[in-house]
1. For a quick check of your reading of the filter: which trypsin sites (Lys or Arg not before Pro) in the stretch 116-175 sit in a DSSP loop and have no more than 13 other Cβ atoms within 10 Å?
2. Non-local amide H neighbours of R182 (under 5 Å, H modeled in plane, Pro and chain starts lacking H): which ones?
3. Take the stretch 102-252, drop everything but the C-alpha atoms, weight them equally and run the Debye formula without solvent; then report log10 I(q)/I(0) at 0.09, 0.10, 0.15, 0.16 Å⁻¹ to two decimals.
4. Using amide H atoms built in the peptide plane, which far-off residues or other-chain residues are under 5 Å from Y96 H to H?
5. Residues with beta-carbon under 9 Å from that of I15, excluding I15: net charge, scoring Lys, Arg +1 and Asp, Glu -1?
6. Can you return the lysines within cross-link range of K89? Criterion is Cα-Cα under 20 Å, with same-chain partners fewer than 8 residues away left out.
7. Quick one: among P167, P108, P181, which has the greatest mean-square fluctuation in a GNM of the chain with alpha-carbon springs under 10 angstrom?
8. Let me check I've understood the local charge: for K249, count other residues with C-beta under 11 angstrom from its C-beta, Lys and Arg +1, Asp and Glu -1. What total comes out?
Amino acid sequence: MNIFGICLIKNEKDIIEEMLRYTATWCELIIVDDNGSEDGTWETVQRLAKEIPQILPWRQKRQPYNDKLRGQAFREFRHLAAPGDWWTKLDSDERYIDDPKEFLAKVPQRHHVVWAAQFQYHFTDEDLAAWEAGATRHQAVYQRLHHYRLDYAETRFFRHRPGLVWPAEASWPRHMGVVHPRMIRNRHFQYRNPEQIQKRLETRQLAMREGCGTFQGYCDEKSWKEKVVPATALEDDRKPGAWKIDYSKLPRHLEKPWQRLVKHIMHGTGVWA
């Protein structure tokens, strides 16, 4: 079983090396598509690729951002995958709590799609004080940020099939398959320090002006200061019982019973190849 990751990046120099080194411990191929980074991110990827064979700097191409771009990478490299392998959407600012390799190995063959519970980490007033004092500037992100909120989940992995079709206009392949009941747990570090937050806001606001609707509603602020959250308003992963999934607070990920039945039949008989 191999895992193929498709990673879209732009201006993530502060975290890209940390993320790629970590991801290479469980991902057999990391296909990197740079959307016009201007801060040295692409150069970092190229340097690491000389050291870590799993990293493939596929291209650097400035174009309007949307999730459909991952389909281009899938169509380019799908010939490398075999039945039973997995594909995953990679972000440059994440680190799984569960080991993806171990988690996916336990997913039954009759299940084809895995969702991730996204533990969304925030930059807090405590983090700001430590950052301004210089106490945390050289620490890895996952070691210095501890406050999160669990209120989001999304599709992250799908099992490879030779007949799988990813249309050019779609964000995911058609008829991916039956969803696995359990979610894998993922830490998402969107907001890491003042300079990075400001750059993130500007980058995503540009993407929205170019027609991307993905970021609307949570990247509308003008200043990084508006993204600082009181630590007391969040969960702390250093406390007992951290990273528990409360499915009632997340979007419904499982199909309705009749939809699951239809999927089992259509995939089991090979109608949806």
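Rule-based calculations on the coordinates, nothing more; no lab input. Keep in mind the model is a prediction, meaning the values are calculated, not measured. When we count neighbours, we look across all protein chains shown, and the Cβ atoms used for this are built from the backbone with ideal geometry, even at glycine.
1. Answer in residue order: R137.
2. Here nothing satisfies the definition.
3. Calculated log10 I(q)/I(0) at the listed q: -0.39, -0.47, -0.96, -1.04.
4. R187
5. Computed value for this residue: -3.
6. Output for K89: K10, K13, K61, K68, K101, K106.
7. Among P167, P108, P181, the largest mean-square fluctuation in the Gaussian network model of the chain belongs to P108.
8. 0
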